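The values are calculated or read from the model by the stated rules, or taken from the named source; none is laboratory data. Since the model is a prediction, treat every value here as computed from it, not as a measurement. With ideal geometry, Cβ positions are generated from the backbone for all residues, glycine too; neighbour counts draw on all protein chains shown.
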Amino acid sequence: MQKWGFSWEGLRDNRHGEWWVLAQMILIAAHWLPPTPPPSDLGIHWPLALRLIGGLTVLIGLVLGAQGALNLGDSLSPLPEPMPGAPLVTVGAYGRCRHPLYQSLLLCSLGVTLALGSLLHLGLLLALATVLSLKARREEQRLCSMHSDYDHYMTSTPAIVPFLPGLDWR
């Protein structure tokens, strides 16, 4: 954890973006909550097709996340503060979007929402999208100061989800 820059001081003052990671982790963990309200309480029979599509979406999100993590290698960090001396990665998953790990988390969240048909999980998806968007913006401020060619990468590559307002600020 210290390798990434986590510290007790950072948990108190958010110096490396620790609060963003905590918010992200809480929202991810909340996806284990049961569907609230269950579709049946609303008089809805949630279709099997949507449950299967949701499960497939989670699997796709996991695969894309693994690809992004492998592409980053030793530069991988949960904090929005880039690792010192980390190279700028723009190939593989990072050729598709600037934050493929955030994209994969949102796909997994969308998959859970589709599988469960839960308004609670829809709210978690929207909250997670907000947190990841703000976290990515902080991360990009640091990346711009570390890499002179990041500005060009920002204008040519979608942020998290192409053409979706709030998740693509090219």
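Scanning region 44-83 for residues that are of a type outside the set (Gly, Ala, Ser) and closer than 22 Å to ARG96 by Cβ yields a count of 19. Taking the residues in region 95-142 that are touching a Pro at 6+ places or on another chain (Cβ under 6 Å) and assigned to a helix (DSSP H, G or I) as candidates, determine which candidate is farthest from HIS16 (Cα to Cα). The residue in question is LEU116. Checking each residue in region 64-93 for being assigned to a helix (DSSP H, G or I) and without any contact (Cβ under 8 Å) to a residue 40 or more places away in the chain picks out ALA66, GLN67, GLY68, ALA69, LEU70, ASN71, LEU72, GLY73, ASP74, SER75, ALA93. Tallying residues that are among the hydrophobic types (A, V, I, L, M, F, W, C) and touching an Asp or Glu at 6+ places or on another chain (Cβ under 6 Å) within region 38-87 yields 0. Beta carbons closer than 6 Å, at least 6 apart along the sequence or on distinct chains, pair a first residue in region 136-159 that is within 20 Å of PRO78 (Cβ to Cβ) with a second that is of a type in the set (Gly, Ala, Ser) and part of a loop (DSSP other than H, G, I, E, B) for ARG138/GLY17. Taken over region 10-55, the residue count meeting the criterion of being at pLDDT 95 or above, touching a Gly at 6+ places or on another chain (Cβ under 9 Å) and of a type outside the set (A, V, I, L, M) is 4.
How about region 56-68: which of its residues are aliphatic (A, V, I, L, M) and either in contact with a Pro (Cβ under 9 Å, 6 or more places away or on another chain) or at pLDDT below 95 (or both)?
To start, the set of residues in region 56-68 that are aliphatic (A, V, I, L, M) comprises 56, 58-60, 62-64, 66.
Selection gives LEU64 alone.
The set of residues in region 143-170 that are part of a helix (DSSP H, G or I) and charged (D, E, K, R) contains only ASP151.
Sort out which residues of region 35-61 are in a loop (DSSP other than H, G, I, E, B) and free of Cβ contacts under 8 Å to residues at least 40 places away in the same chain, and write them in order of number. Full working, then the answer.
Our first condition is that a residue be in a loop (DSSP other than H, G, I, E, B); within region 35-61, this holds for 35-38, 43-47.
Once the filter is applied, which keeps residues that are in a loop (DSSP other than H, G, I, E, B) and free of Cβ contacts under 8 Å to residues at least 40 places away in the same chain, region 35-61 yields GLY43, HIS45, PRO47.
Number of residues in region 119-170 that are touching a Leu at 6+ places or on another chain (Cβ under 9 Å) and acidic (Asp, Glu): the value is 2.
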